[in-house]
Amino acid sequence: MEVQERLNDVLGRIRLGEKAANRAERAVTLVAVSKTFDADAIRPVIDAGQRAFGENRVQEAQGKWPELKRETPDIELHLIGPLQSNKAADAVALFDVIETVDREKIARVIAGEIERQDRRPRLYVQVNTGLEPQKAGVKPEETVAFVDFCRTELGLAIEGLMCIPPVDENPGPHFALLAKIAGRCGLEKLSMGMSGDFEMAIAFGATSVRVGSAIFGTR
Ligand SMILES: *Cc1c(COP(=O)(O)O)cnc(C)c1O
C-alpha cells in the first residue's frame, strides 16, 4: 500500500470510530507521527492533505520541518517527545503544539520563551498514567495542582492532557484515567491513542490521536 492509501485508511477508521462512539464527525484530529522519516517521505502525506504532524525530537524536527513549513505554511507541528530546558527556545520557535509539558522547570522555561519570542504554541500536560519510572509525565494525583500552577503562576493557557500508556498493558484504563483527570482540570482536549489503539482511545474521548507506523510504515 502507498503512504497515501494508508493515510486514507487511518482517516476512515477515525471517522468510523467517531460514529461508533457517538462522537461528532471530525471531533478527532489525526496527528501523523513522522519521526525517523525524512522530508521526502513526509511530502506525499502533506500532498494528500494531512496538516498536523508529530515529532519526538527537537533536533530531528529542525532538520526537516522549517523547509516543509515554508512549502506548506498551514502545517501544525506537534512536539510529542520529552523536552529539555536547553531545547525549549528552539521548541517554542518551531512547534505549534507542545504536548509534553511535565514539570515546573520546563513550564517556567517555556513561559519565558513565549514571552521573549512572542510566539504561543498550544500546550498540553503529559501525564504518566502508568507511573512508569522511565517515562516522562506528571503523576496522575499531581496533575490538577500542576495545571493550576501553569495557569496561575505562569499564565500559561494549557489546552489539554496527553498520555502514553505502558506498552504491556490494556490502554483502556489509562485513557479513562486521563479523561477523568482532564475533567477535574476543566480541560476538554485529550491527546491519546497510537497506531495500535487509536480506535479505543476515540471511544474513551480522545480529541487527537498520534499515529505513526500505521501511516508511514515500521520504523
Ligand atoms: C512514536 C510515537 C507515537 C506513534 O506511535 P505508532 O505506534 O508508530 O503509531 C505516538 N506518540 C508518541 C509519544 C510517540 O513517540
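Odds and ends about this structure:
- Test: residue in the range 180-188 that is of a type in the set (D, E, K, R) and without any contact (Cβ under 8 Å) to a residue 40 or more places away in the chain: yes
- For the range 1-23, a tally of residues being more than 22 Å from T218 (Cα to Cα) and either basic (K, R) or assigned to a loop (DSSP other than H, G, I, E, B) (or both) returns 5.
- Considering the range 24-77, the residues that are aliphatic (A, V, I, L, M), assigned to a loop (DSSP other than H, G, I, E, B) and open to solvent by less than 40 Å² (accessible area, probe 1.4 Å) include one that is nearest to the ligand (Cβ to nearest atom), namely V28.
Yes/no matrix, rows are residues, columns are (1) open to solvent by 10 Å² or more (accessible area, probe 1.4 Å); (2) over 26 Å from A32 (Cα atoms); (3) assigned to a loop (DSSP other than H, G, I, E, B):
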| residue | (1), (2), (3) |
| --- | --- |
| K87 | yes, no, no |
| D90 | yes, no, no |
| A93 | yes, no, no |
| T100 | no, no, no |
| K105 | yes, yes, no |
| E115 | yes, yes, no |
| R119 | yes, no, yes |
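- Matching residues, the range 133-150, being open to solvent by 40 Å² or more (accessible area, probe 1.4 Å) and either small (G, A, S) or closer than 13 Å to I110 by Cβ (or both): A145
- Once the range 183-217 is narrowed to residues that are among the polar types (S, T, N, Q) and either closer than 18 Å to E18 by Cβ or in contact with a helix residue (DSSP H, G or I) (Cβ under 8 Å, 6 or more places away or on another chain) (or both), the residue that is surrounded by the fewest Cβ atoms within 10 Å (Cβ to Cβ) is S195.
- Any chance V109 is open to solvent by less than 70 Å² (accessible area, probe 1.4 Å) and within 17 Å of L156 (Cβ to Cβ): yes
- Among the conditions (1) in a strand (DSSP E or B); (2) loosely packed, with under 14 Cβ neighbours inside 10 Å, the only one that V125 does not satisfy is (2).
The values are calculated or read from the model by the stated rules, or taken from the named source; none is laboratory data. This structure is a prediction, so every number in the text was calculated from the model and none was measured. Every residue, glycine as well, gets a Cβ built from its backbone with ideal geometry; the counts of neighbours run over all protein chains shown. Ligands, DNA and RNA are stripped out before the accessible areas are found, and what is left, the full protein with its side chains, is counted by its heavy atoms. Shrake-Rupley method; radii C 1.70, N 1.55, O 1.52, S 1.80 Å.
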